[in-house]
1. Kindly provide log₁₀ I(q)/I(0) values, in the same order as q = 0.06, 0.07, 0.09, 0.10 Å⁻¹, from the Debye equation applied to equal alpha-carbon scatterers of the protein assembly as shown.
2. For B:Phe138, B:Phe353, A:Phe594, what's the fewest-to-most ordering of other Cβ within 10 Å of each Cβ?
3. What percentage of all Cα-Cα pairs in segment B:1-81 are separated by more than 22 Å?
4. Hey, rough spin-label estimate for A:Glu449 and B:Tyr6, points 7 angstrom out along Cα→Cβ, what's it come to in nanometres?
5. Over what distance in Å are the Cα centres of segment B:427-451 and segment B:360-404 separated?
6. Convex hull over the Cα atoms of chain B, averaged projected area in nm²?
7. Which whole-percent values make up P(r) of segment A:344-474 when all C-alpha to C-alpha distances are grouped in 10 Å steps starting at zero?
8. Could you tell me the relative contact order of segment A:474-556? Use alpha-carbon pairs under 8 Å, at least six residues apart, and round to a whole percent.
Number of protein chains: 2
Amino acid sequence: MEGVDYLAGERKKAEFDVQAMKVFRKDDRTMLPRKELFKQTLRKAAYAWKRIVELRLSEEEASKLRFYVDEPAYTDLHWGMFIPAIKGQGTEEQQQKWLPLAYKMQIIGCYAQTELGHGSNVQGLETTATFDPHTDEFIIHSPTLTSSKWWPGGLGKISTHAVVYARLILDGKDHGVHGFIVQLRSLEDHSSLQGITVGDIGMKFGNGAYNTMDNGVLRFDHVRIPRNQMLMRHIFISDAILLVSQVTREGKYKQSDVPRQLVYGTMVYVRQRIVADASCYLSRAVCIATRYSAVRRQFGSQNGGPETQVIDYKTQQSRLFPLLASAYAFRFVGEWLEWLYMDVTRRLKDNDFSTLPEAHACTAGLKSLTTSVTADGIEECRKLCGGHGYLCSSGLPELFAVYVPACTYEGDNVVLQLQVVARFLMKTVSQLGSGKQPVGTIAYMGRIEHLMQCRCNVQKAEDWLKPDQVLEAFEARAARMSVSVARNLSKFANPEEGFAELSADLVEAAVAHCQLIVVSKFIEKLQQNIAGEGVKQQLEALCGIYYLSLLHKHQGDFLSTSYLTPKQAALANDQLRSLYTTVRPNAVSLVDAFNYSDHFLNSILGRYDGNVYPKLYEAAWKDPLNETVLPDGYHEYVKPLLKQQLHTARL
Amino acid sequence: MEGVDYLAGERKKAEFDVQAMKVFRKDDRTMLPRKELFKQTLRKAAYAWKRIVELRLSEEEASKLRFYVDEPAYTDLHWGMFIPAIKGQGTEEQQQKWLPLAYKMQIIGCYAQTELGHGSNVQGLETTATFDPHTDEFIIHSPTLTSSKWWPGGLGKISTHAVVYARLILDGKDHGVHGFIVQLRSLEDHSSLQGITVGDIGMKFGNGAYNTMDNGVLRFDHVRIPRNQMLMRHIFISDAILLVSQVTREGKYKQSDVPRQLVYGTMVYVRQRIVADASCYLSRAVCIATRYSAVRRQFGSQNGGPETQVIDYKTQQSRLFPLLASAYAFRFVGEWLEWLYMDVTRRLKDNDFSTLPEAHACTAGLKSLTTSVTADGIEECRKLCGGHGYLCSSGLPELFAVYVPACTYEGDNVVLQLQVVARFLMKTVSQLGSGKQPVGTIAYMGRIEHLMQCRCNVQKAEDWLKPDQVLEAFEARAARMSVSVARNLSKFANPEEGFAELSADLVEAAVAHCQLIVVSKFIEKLQQNIAGEGVKQQLEALCGIYYLSLLHKHQGDFLSTSYLTPKQAALANDQLRSLYTTVRPNAVSLVDAFNYSDHFLNSILGRYDGNVYPKLYEAAWKDPLNETVLPDGYHEYVKPLLKQQLHTARL
């Protein structure tokens, strides 16, 4: 009796709109004008907070709840940036004063770093914090238009406080960028305080999406704060800056030495979270595209029978299945990064900094790789749904629009590959032979002589299923690309000039290194015990699809470094096609295994039951344009046109 | 005295909001809720039509005016699809009846082909048109939910008539899909006629963008139309169908033979227009990204001096300049396609069909290639603008959202490469040696023996500037890929099975062929006289960037077919970098040469004067959220939270 709803009769009796009563509904989000959209977000945030308090949820549980609300909101910045900044950079005293207020949300904070003219480069920030020894205060000021704070989430309309990054000026001397706790709005009436100009920066990409967030603009006109609102524990902002600093009552600057590596620990944390998110977003898109590819039929009808399911087309498989495989690959590399972060934390406590540079480079590179693939992958999934993917009710336009900033925030993806990963690779290559043994994900460089010489042994397609063979191929490719660009670099008299000139090649070498990491972690995962009938076999097929589709896409790298012959590359492609066939009957169940509810997916095309067309039809009528038969403007702009009376109409 | 505005004083005296008075303003489009947005579009359409009538513009001038209004509207379908369908498929009588009404817009029409369950595959349409000999009428009916017409632009709220595609049923027999003119709405009060259910299908991707269009849903419940509203001249709908057919008063079906090739003529026309559009959209995005890359500075500050312009970074150049080169390449190939269409038309008049299959394959392939590159390129340009590209005021989010459907409509891009281009290539390869000489863009296949044998002669980087060398490389690559997949196909007992199994490889071969066409047309262009000092040199540099960046990206193809050595591929990359340096000082002027007004671009980042930051700042305040200090919802959802009074609040 599958498909029967035994409660349908009861549901028909309801005399109210049950959708409208659902607090956390998401299906109307793309239709709401900005002000209403934002108001709904405030409502959800308040409702979630009420539940969090009533149910005495732990911080971790609360954060899970916010995750399932699935909507960017000012609370993300309060809990994810403002509180951690005070915890990480505030003194004991500062923490005792501010954290209880923040934990109860008696104040709401945001993180005001980027400026209108300054994004990635924190050292270029222009906002000033000038110490006035007469009053024991800092004067926070925006000296130029480009120094206006710009982008901070939660700032535009809601935050009462901010951690503001500004150049510390003592007695005319610039001591670089530091953080300050600044109140922005009155706790009585929410009006902005004197000297503060604050507002929202306007609409962002997409319907719904990040428009639920009040990303803001903020200017200071000589705003005074007490000296003890400078964060004085340690300040770490970018890859480049680490200061542990204090300003004394006399206006003297004291800076103490702290291992630079501590910075990396935090960045490893933030970026490994982003990798886990990437896996989640990509799997949502793949889930939608896979289910709809099984529902949708096009062409190939034989004798009037049903058309072919589009998931049966090899062109569809060759675009969809590598993304399905990537979603799984990113999940496993994300889990491994979680372990890596714990390992790094453990070592730091023992003053062991040896693995930190490698862990830092590896998380930066994986952040870059996974977010780029995910952003492009969501859009590819949208295209794989044909025309209907263009409807907001497919869920994919919003998923794309809300996700793409991940390619830019916490380090622009290209900058990370170049400045973190490629620099680390070049340093590693330059130290080969010095006796210093590379560790962790770069350990393969220790076998550089073998990797520069070896040749691929593959003789038949199935040889491409051997993990050792695959690892050697990806290691040889990555090692040879690094060595080759290092050789070209050495031809430049000025190393920095060479680095700039060859930066596109350096980025390619960095990407090759990062892809190797994902491949190797996927393979490692499969060497563990995996429970459940047939599970391991499916994961093996996905792992094969992951590395063979990469190999095919980048076969130029493998061929130009002479590791592979064209024949071996062709065999890889044959094996890839055959893995598509293996995965095909399991595809829908492989996305069911992500275990997303229909509410969370918020996609008609991605419905668990595949009942797509009736629901698409139903949803259409909810568009505001369908509220009336005649559209607004008919009488002014359409009727006079049809009646040939435009010449007398007022337009 | 550059930069001084001698009329600034006058402008300050104005006592009204000049922006609000501008009929065709676009800057508020992304902020408007759907109903208001749609109303504004109706206003613009009426205003444009009023001007067209008053100024007695020709059809071509009118279409240019609509182009500059730059907003999808119901008029696009009326002029671009409804009228051409009647002109192309209607009899003399039908044309005499309907065209005068349509030309005066006394009726407004749309093109109702796709259905909820049926997109690309026209043969799968389910709507029926059953002839009733008693009344001499057709009964138009939607027998299933999936037969609902879905997507037609202009249908949702505005069109009074539609050309509806439905299965012709005569005496119980299905005669396939034909077109019918059906009235949908009353010309008196615009209400939908009996038996017709019609509405808008809801929000689509992006802010503004295609939401100015009322893409619609339409169901028929036994709607009767006179027999003479079946389009009886000739019906051509997809690549597969061509019918010239009539239904007599007695309900008999008469079908006459017409050269199948005539269909292709129309498709060549539509698709060459799409290629021209691709060049326009890509150049808009590139213009914005190039100008802002010259304005924006990040890192690299020496001794407190200004930071480096991001356009000076090689990573930026290696992403941006190939897109700049592609925008020019697509313009030239578009111009050539315009010539090709005229040539084809001329030949058809002389009953010369010899070039038509080649022209058809080539326009289909170029439609696919250029729209895919443009869609991805717009998003890449957005990313190249860093965080600010995510703001709607950058213009790029809307440009992307409004453009991406081009990858799907008029033939899905992957389907076109596979079913049109790859099939044509395989047919050409199979006929080699039969004496039939390939013509036009496929003529190179006539030199297949040389192309399969030859080896690249490049010995130094500059050799990659030789046109003959480059053409041979792209011809050898395309020819070898086609031959290789043809050989693999021949191993299958069932050719269609092989075609399905190898479809991903077939698509790659098709893309290689299309890229060769663009490269060769760019090179041909440069062999003509080109006026203006230095113009030719810059175009030569762009041409080099176009083909060398393709060669680098696809070096796997060139290497696996053993045309190139890895060393020669590396030399290509060296030459590419040096061309970036050539183009760098000319980059801004190269996008100025597209000659887009600031109004047309509608992008703060892409302003001609580069005055980005003050204007971004100014624009932010126009967001609806900034209309009030306290956001809607503050009193209900924020204040009680801050005051710890949520437990008593009504949420």
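Where a number appears in this text, it was derived from the coordinates with a stated rule and is not lab data. Please read these numbers as outputs of a predicted model, since none were measured by experiment. Ideal geometry is used to build each Cβ from the backbone, glycine not excepted, and the neighbour counts take in all protein chains shown.
1. -0.55, -0.76, -1.30, -1.62
2. Ordered from fewest to most neighbouring Cβ atoms within 10 Å, B:Phe138, B:Phe353, A:Phe594 come out as B:Phe353, A:Phe594, B:Phe138.
3. Values: 1350 of 3240 pairs.
Value for segment B:1-81: 42 percent of Cα pairs lie more than 22 Å apart.
4. 7.9
5. 35
6. For chain B, averaging the hull's shadow over all directions gives 40.0 nm².
7. Going from the shortest bin to the longest, the percentages are 10, 25, 27, 24, 11, 2.
8. 28
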